Every structure is written in structure tokens, then in C-alpha cells.
Amino acid sequence: MNQVPFRKRAWPLWVGAIALAAANVGMFAFMRAIGVFPQMSMWGAQVYNLLGVKVDAPFTIYPLTPLLLDVHSMINFGIVLGVAAAALLSEEFKLRKEHWTGYVAALAGGALMGFGTVIMPPCNVGGFYSATMALSLSGPLTVLGLLPGAYLGGLLMKWQTQRAVAALDFNAMPKGEPVRARSSSAQPLIGAAVSAVLLAAAGYYASAGLTKHAGLLLFGALFGVIFQRSRLCFTSAFREILISGNGTLMKWVLVSIALGTIGFALLKANGYQPMHFVLPVGVHTVVGAFIFGVGMSLAGGCGIGVLWRSAEGYTRAWVALLAGMMTAGSWVLIYGKHVGEGWLYGKPVSLAQYGGYVGGTAIVFLFLAAFYGFILFVEARKRERA
Amino acid sequence: MRELNAIQVGDHHYQVDMRGWVCPYPKYAVEGLVRKFDRGRLDLLVDCPSATEDVPKVVKAMGCSVTEINQIGGGEWQIVIMK
């Protein structure tokens, strides 16, 4: 094997898991936890309004705001810039075109994620990862929808691959010249320039007195770098448990949630934003999560996943992103009310209601242990069959 | 239907081009590919970074080996599989 320089080496999963938990606790202490889809649904509503269709943003706490002034959108912009910088510095950026079937899958997947995010709410990382850390009852329940949803989407992808492989005939292949490696690229230089743009933008916001904007932009970039380098993909984590019988990624996500839960519980127990990321819970949690789960598999990434892949140059992710924001952005037109209002949604329930923050944390740990145990069971079954 | 772009490079030496197939397609495909070719060398071209880690794991689990992972361009790799 060739020696791979450090900038090109992927980070171990444990590093990603710990860094992600630390970043989420840090960003919560600064202002808020990670979650990206509600902002993007506001972007979708903005586009409708620009086109002359009057519609309110689906999440009342993410009202219609010019994108460059919206503090929450700074996380998304930060992720894009952070991922782009990391991908370019490691020479992993490429403008990746897709087969037309891939764009159809992205369109369908993005639309399903758009609906899933307003029904669940919100997205995979916000609704499962952050919400569980925040002791929201909804967080653990999303697994009941995300897991089978991601499995179904994964089955479709596996079936498509198997058909393509079955059509190959190694005895009747055309002869050809192998692809040759190209010489070194300018990607690291462009990556350095993107990093400079990121720092300049954060500096500009800070100098204008918008320190929260500057902070969230930098936190977003930190998340982007962690995701891109550790390849801690939540979609893959959910999908591969049942598709491949491999739960390595999800086990590290669960460790990350365990670490983050302690930080969130300590902050909340001291009276800091006790209801932050405590979300409505009901049948809609599971139904929305299932729709979202199928969508994220087809799209090739959840909310953060498509932002991340978009910044790596995946045109499939661009389509999914647009489809997701336009679908979610139309929710008030379709449903007539905002997310969390009306017959569809239950009330937010904090697990701290059951025995305070110690009791709530204990419930989250029990859930994490049960999910971890389920993964070990699936992996053991897979080994038995092999 | 989406088809795989594959060529024979030499005697018992093949190249399957999966550039443009996002993850997890390469990981799902390699199991069938390794099973299908009788022996020799298979160069799998990919352009999703995760495949450089996922594909070797699947290949090793099937008792074959990945002898090289070469970056052939920005965001593109050649994974050399021996059977």
C-alpha cells in the first residue's frame, strides 16, 4: 500500500464520534444544537415567495428571513464551507455527474425528506441525534421509523446494483486501455482559499456586531470538517445495520449521543434552555421518521448528508437539497398550519419529567444500551449465517 | 436500466468503472463482482471517498485481497482487487 499523507487520511470513527459530541455540546452552550433542515425549509418558502406564492416558513422559530441574515442558516453555510475546505485540502472534491436514474432517486428522496422533516419533525441529525441528547422523548422514538425507512431505501439501492452486476459478463468484455492517474491538482490551494473565505466571512459578521452569526458559521464549519474527515454518515449508520448486518457506524453514533447527553443534561439541569430541542411527540414522530428514512437512503444522505455531499461536488445531492427544501417549504400551503400546530402533532415531552435530569439521562442511557444490544444481536445473527 | 462500464485490460485483468455511482453502490456491487470473475485482477474505479474503506472490508471478508488503492485524480480512486 502507498503511504497516505495525513491530510488525506480519514479520521478514525472514535475521533469523529467524540468530536461531534463535543461540538454539539459546545454549540448548544453557545446558542443551539445541530440541525439543518428547518432552515432549509425556510429557504424553500423564501423561493416560493420570490416566485409570487405567499407562504409562511413551516417552523415558527425559523421565520422568513433573508438568508445571509438568518442566524440558523449560518450553520448550513458553515457546513458547506467546512466540507468544501476539507474535501479540497484532501483532494477529494470532484464535480460528480449522475446517471438520470440517480437524479430521479434524488428528486424522490429529497421530496420524501422534505415531507419527513415537517411531519417528524425535524431531520435525522436534529430529530434523532440532538433531540435524544436534549432528553426529548421524540428522539429515541424516531429510530422506529428511521431504521425501517433507511432499510427499505437501502434495499432498493442494493437491488439496482445487483441487476447491474448480473448483466456483466467477464467472458465477453470489450478490450480497452486502463485509466491512467492524472498529475497533481490545485485542490489544496483552492481549499486554502475557501478556508480564508470562511474566516473572512466570520470576521465580517463579528465586526458587524453579529457575533452569534459568526460563531454559528464557525461551529458549522467545524461540524463540516468532522463529518467530511471522519465520514460519520448517519444515513449509512441506519441503513447498514439491517442491510449489511454491520452496525459499527451506529455504535459510534450511540457513544457520541451518550457523551453529549451528559453535557446537555448538565446545562439543562442548571436552568439553561430546558426545552431546547424537546420536540412534539406522537404517531407523527414515527411516520415522519419512516418517510425521512426512505428519503435519505434514496437521496444518498440526510439533511446534513446532502449539504455535505453538495459541497463535495455531488450533483445528485444538489437535486436532493432543492427537492427537500421546496417540499418542506410548501408545508403551510399543504397543511394549513405550522409544524407543531393542529391535529397532526403531539406535545413536546421532556424525559426530565421522569425523575428530573438524572432520571431523564438514565432513560436515554437505557435506550442507548437497548439499541446497542439490538445491533450486537443483528451482527451476531449475520456471523452465524456467514 | 443503469449499466456498469467494464473492460478487459489484459489476461485475467479487468477494470470496472463505478465513477458516478455514489456510496453505497460500490460496496454493494463489489460482493457480486468478486464472486463473478474467476481469478486474476480487478481494478474498481470509484469516486466516493467512503468506498476506499468500505470496499476493501467487503473484499477481505470474502477471502480476497486489495493490494493497492491509488488516487487517480481529484476525488477518484483505483482499488486493485486480487483473486
> Which residue out of A:320, A:289 is buried (at least 22 other Cβ atoms within 10 Å of the Cβ), within 14 Å of chain B (Cβ to nearest Cβ) and on the phi < 0 side of the Ramachandran plot?
Replying inline: A:320
> residue B:20: on the phi > 0 side of the Ramachandran plot and more than 10 Å from the chain's Cα centre (by Cα), yes or no?
Replying inline: yes
>> Cβ contacts < 8 Å: first residue among the basic types (Lys, Arg), restricted to segment A:23-44; second residue open to solvent by less than 10 Å² (accessible area, probe 1.4 Å), any location; separation 6+ or different chain. Result?
In response: A:32/A:216
> Would a scan of segment A:2-12 turn up a residue that is without any contact (Cβ under 8 Å) to a residue 12 or more places away in the chain, within 14 Å of chain B (Cβ to nearest Cβ) and hydrophobic (A, V, I, L, M, F, W, C)?
Replying inline: yes
> Out of all the residues in segment A:325-349, which are of a type in the set (Ser, Thr, Tyr) and surrounded by fewer than 18 Cβ atoms within 10 Å (Cβ to Cβ)?
Replying inline: A:335
>> Take the residues in segment A:167-197 that are at the interface with chain B (Cβ under 7 Å from one of its Cβ atoms) and in a helix (DSSP H, G or I); name whichever of them is modelled with the lowest pLDDT.
In response: A:170
> In segment A:83-122, what residues are under 18 Å from residue A:154 (Cα atoms), buried (at least 24 other Cβ atoms within 10 Å of the Cβ) and within 17 Å of the chain's Cα centre (by Cα)?
Replying inline: A:106, A:109, A:110, A:112, A:113, A:116
>> Which of the numbered conditions does residue A:231 fail, given that it passes all the others? Conditions: (1) within 14 Å of another protein chain (Cβ to nearest Cβ); (2) of a type in the set (Lys, Arg); (3) over 22 Å from residue B:24 (Cα atoms).
In response: (3)
> Residues in segment A:292-339 that are of a type in the set (Val, Ile, Thr) and closer than 13 Å to residue A:108 by Cα: how many?
Replying inline: 3
> For chain B, which strands (runs of 3 or more DSSP E) that fit wholly inside it have 1 or more residues that are more than 9 Å from chain A (Cβ to nearest Cβ), touching a strand residue (DSSP E or B) at 6+ places or on another chain (Cβ under 9 Å) and among the basic types (Lys, Arg)?
Replying inline: B:41-46
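Rundown of residues vs (1) within 21 Å of residue A:143 (Cβ to Cβ); (2) assigned to a loop (DSSP other than H, G, I, E, B); (3) not β-branched (Val, Ile, Thr), yes/no style:
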position: A:297; (1), (2), (3): yes, no, yes
position: A:323; (1), (2), (3): no, no, yes
position: A:332; (1), (2), (3): no, no, no
position: A:343; (1), (2), (3): no, yes, yes
position: A:364; (1), (2), (3): yes, no, no
> Which number in (1) assigned to a helix (DSSP H, G or I); (2) farther than 30 Å from residue A:46 by Cβ marks the one condition that residue A:272 misses?
Replying inline: (1)
> Across segment A:144-203, what is the total count of residues that are out of contact with any helix residue (DSSP H, G or I) (no Cβ under 8 Å at 6 or more places or on another chain) and not charged (D, E, K, R)?
Replying inline: 19
>> I'd like to check which helices (runs of 4 or more DSSP H) are fully inside segment A:1-92 and have at least 2 residues that are within 21 Å of residue A:194 (Cβ to Cβ) and among the β-branched types (Val, Ile, Thr).
In response: A:73-89
>> I want to confirm something. Restricting to segment A:176-202 and keeping residues that are closer than 17 Å to residue A:225 by Cα and β-branched (Val, Ile, Thr), which single residue is surrounded by the most Cβ atoms within 10 Å (Cβ to Cβ)?
In response: A:194
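Which count do you get for residues in segment A:230-239 that are touching a residue at least 40 places away in the same chain (Cβ under 8 Å), open to solvent by less than 10 Å² (accessible area, probe 1.4 Å) and either more than 18 Å from residue A:320 (Cα to Cα) or among the basic types (Lys, Arg) (or both)?
Number of matching residues: 3.
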> Among the residues of segment A:67-82, is there at least one that is small (Gly, Ala, Ser), open to solvent by 30 Å² or more (accessible area, probe 1.4 Å) and free of Cβ contacts under 8 Å to residues at least 60 places away in the same chain?
Replying inline: no
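How many residues does segment A:244-263 contain that are within 12 Å of chain B (Cβ to nearest Cβ), assigned to a helix (DSSP H, G or I) and surrounded by 21 or more Cβ atoms within 10 Å (Cβ to Cβ)?
So the answer is 1.
The values are calculated or read from the model by the stated rules, or taken from the named source; none is laboratory data. Because the structure is predicted, anything quoted here is derived from the model rather than measured. So basically every Cβ, Gly included, is an ideal-geometry build from the backbone, and we count neighbours across all protein chains shown. The area values use the complete protein model at the heavy-atom level, side chains included, leaving out ligands, DNA and RNA. Shrake-Rupley method; radii C 1.70, N 1.55, O 1.52, S 1.80 Å.
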